[in-house]
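The values are calculated or read from the model by the stated rules, or taken from the named source; none is laboratory data. The structure displayed is predicted, hence computed values, not measured ones. Cβ coordinates were reconstructed from backbone atoms using ideal geometry, including for glycine residues, and neighbour counts include every protein chain displayed. Just so you know, the surface numbers come from the protein's heavy atoms only, side chains and all, with ligands and any DNA or RNA stripped out. Shrake-Rupley method; radii C 1.70, N 1.55, O 1.52, S 1.80 Å.
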Amino acid sequence: MDLKDFEIGLTYRIKITDWEAPDGGTVPGKTIVRRVLEPANQANSKFEDGPAPRHVIAEWSQFLRVQNPDSGQVHLLHPRTIESALTIQ
């Protein structure tokens, strides 16, 4: 999938693709629910010891910034790891 396939503010049921582990085995994908947030920028992203450098923000902007609706935890998710996604209410 691609960043343009997602709309900020919507919640999706996301199927994560299977991936190859460092030991050569396959880790099965899983289904998660995440709300898509605004892309990473200086205002919403930081390191523990201060603001994130611009080159880091540029790298992070290639990922979806998502929030787990149950825990509130925010993390980055690369669209290439997503097999499918459906909008949910």
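Output the number of residues of the stretch 35-56 satisfying the condition of being at pLDDT below 95 and either of a type in the set (A, V, I, L, M, F, W, C) or outside any loop (DSSP other than H, G, I, E, B) (or both).
Counting residues in the stretch 35-56 that are at pLDDT below 95 and either of a type in the set (A, V, I, L, M, F, W, C) or outside any loop (DSSP other than H, G, I, E, B) (or both) gives 10.
If you scan the stretch 57-69, which residues turn out to be touching a strand residue (DSSP E or B) at 6+ places or on another chain (Cβ under 8 Å) and either exposed (fewer than 10 other Cβ atoms within 10 Å of the Cβ) or outside any loop (DSSP other than H, G, I, E, B) (or both)?
60, 64, 65, 66, 67
Cβ-Cβ below 9 Å, separation at least six or inter-chain, first residue in the stretch 76-89 and over 19 Å from residue 61 (Cβ atoms) and among the polar types (S, T, N, Q), second modelled with pLDDT of 95 or more and surrounded by 11 or more Cβ atoms within 10 Å (Cβ to Cβ): which pairs?
The qualifying pairs are 84/13; 84/14; 84/15; 87/10; 87/11; 87/12; 87/13; 89/11.
For the stretch 2-29, which residues satisfy the criterion of being open to solvent by 80 Å² or more (accessible area, probe 1.4 Å) and under 14 Å from the mean Cα position of the chain (by Cα)? Walk me through it before giving the result.
Applying the first criterion (open to solvent by 80 Å² or more (accessible area, probe 1.4 Å)) to the stretch 2-29 yields 4, 7-8, 13, 18-20, 22-23, 26, 28.
The answer is 4, 7, 8, 13.
Between 40, 52, which is surrounded by 13 or more Cβ atoms within 10 Å (Cβ to Cβ), in contact with a helix residue (DSSP H, G or I) (Cβ under 6 Å, 6 or more places away or on another chain) and free of Cβ contacts under 8 Å to residues at least 40 places away in the same chain? Step through it out loud before you land on a result.
On the way: 52 fails: in contact with a helix residue (DSSP H, G or I) (Cβ under 6 Å, 6 or more places away or on another chain).
When all the criteria are applied, what remains is 40.
Residue 68 fails exactly one of the following numbered conditions: (1) closer than 14 Å to residue 5 by Cα; (2) in contact (Cβ under 8 Å) with a residue 24 or more places away in the chain. What is the number of that condition?
Going through (1) closer than 14 Å to residue 5 by Cα; (2) in contact (Cβ under 8 Å) with a residue 24 or more places away in the chain one by one, residue 68 breaks only (1).
Only one of these is assigned to a loop (DSSP other than H, G, I, E, B), in contact (Cβ under 8 Å) with a residue 24 or more places away in the chain and under 23 Å from residue 83 (Cβ atoms): 32, 8, 14. Name it.
8
Rundown of residues vs (1) among the basic types (Lys, Arg); (2) closer than 19 Å to residue 78 by Cα, yes/no style:
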site: 16; (1), (2): no, yes
site: 25; (1), (2): no, no
site: 29; (1), (2): no, yes
site: 34; (1), (2): yes, yes
site: 38; (1), (2): no, yes
site: 43; (1), (2): no, no
site: 48; (1), (2): no, no
site: 51; (1), (2): no, no
site: 55; (1), (2): no, yes
